[in-house]
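Heads up, the thing below is written out as structure tokens.
Only the coordinates and a few stated rules stand behind these numbers; no lab work does. Only a predicted model underlies this, so the values are computations on that prediction, with no experimental measurement involved. Please note: Cβ atoms are built from the backbone with ideal geometry, for glycine as well, and neighbour counts cover all protein chains shown.
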């Protein structure tokens with residue numbers, strides 16, 4: 001069966017953009033009827049803000065994958081790009097990251113060996 005195969009980011013890049021932080025919220029929610037409900041909660045949310053910046057046209061589907069931008073609170077910006085599309089019963093889309101200056105982030109690149117094992 002021939003199809004588009006989304007591989008995505010390598011494990012290093014997934015860890016980088018997927019990092020989460022613990023957030024502590026304390027407050028009061030006021031309901032429409034005037035009742036007040038206090039809350040005190042912890043939750044985890046991603047550190048980076050993710051936005052869609054484009055997509056890749058597939059060989060068999062209209063859209064093979066979406067491309068994202070990750071913006072970190074410290075000003076770092078990383079954009080996904082298609083590093084390679086080797087063929088194995090259809091294109092395999094390997095993504096990597098570029099920094100805000102357009103330079104490829106070395107650690108996010110798939111190795112030749114990984115690309116050949118598709």
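For the chain, give the share of DSSP beta bridges that are antiparallel, in percent and rounded to the nearest 5; count only bridges with both residues there. Kindly include the intermediate steps, with their values, before the conclusion.
Details: 30 of 33 bridges.
Approximately 90 percent, going by the DSSP bridge assignments.
Where does the chain land at 222 nm, in deg cm²/dmol rounded to the nearest 500, when only DSSP H runs of n ≥ 4 count, each adding -39500 (n - 2.57), divided by all residues? The partial results should precede the final answer.
Working: 2 runs with 13 residues, N = 118.
Calculated at 222 nm, the ellipticity per residue is -2500 deg cm²/dmol.
Computed over the chain, the quotient of the alpha carbon radius of gyration and 2.2 N^0.38 Å is 1.45.
Just so you know, the averaged projected area of the alpha carbon convex hull for segment 37-77 sits at 5.5 nm². Calculated over segment 57-106, the projected area of the Cα convex hull averaged across directions stands at 4.1 nm².
At a Förster radius of 22 Å, what calculated FRET efficiency corresponds to the Cβ-Cβ distance of residue 15 and residue 116, to the nearest 0.05?
Values: r = 23 Å, r/R0 = 1.06.
Taking R0 as 22 Å, the efficiency between residue 15 and residue 116 is 0.40.
In this simple spin-label approximation, residue 104 and residue 1 carry label points 7 Å from Cα along the Cα→Cβ vector, and these lie 3.2 nm apart.
Apply 1/(1 + (r/R0)^6) to the Cβ-Cβ distance of residue 28 and residue 55, taking R0 = 30 Å, and write down the FRET efficiency to the nearest 0.05. Could the numbers behind the result be given before it?
Working: r = 42 Å, r/R0 = 1.40.
Once rounded, the FRET efficiency stands at 0.10.
Look at the alpha carbon pairs under 8 Å that are at least 6 residues apart: their mean separation over the length of the chain gives a relative contact order of 27 percent.
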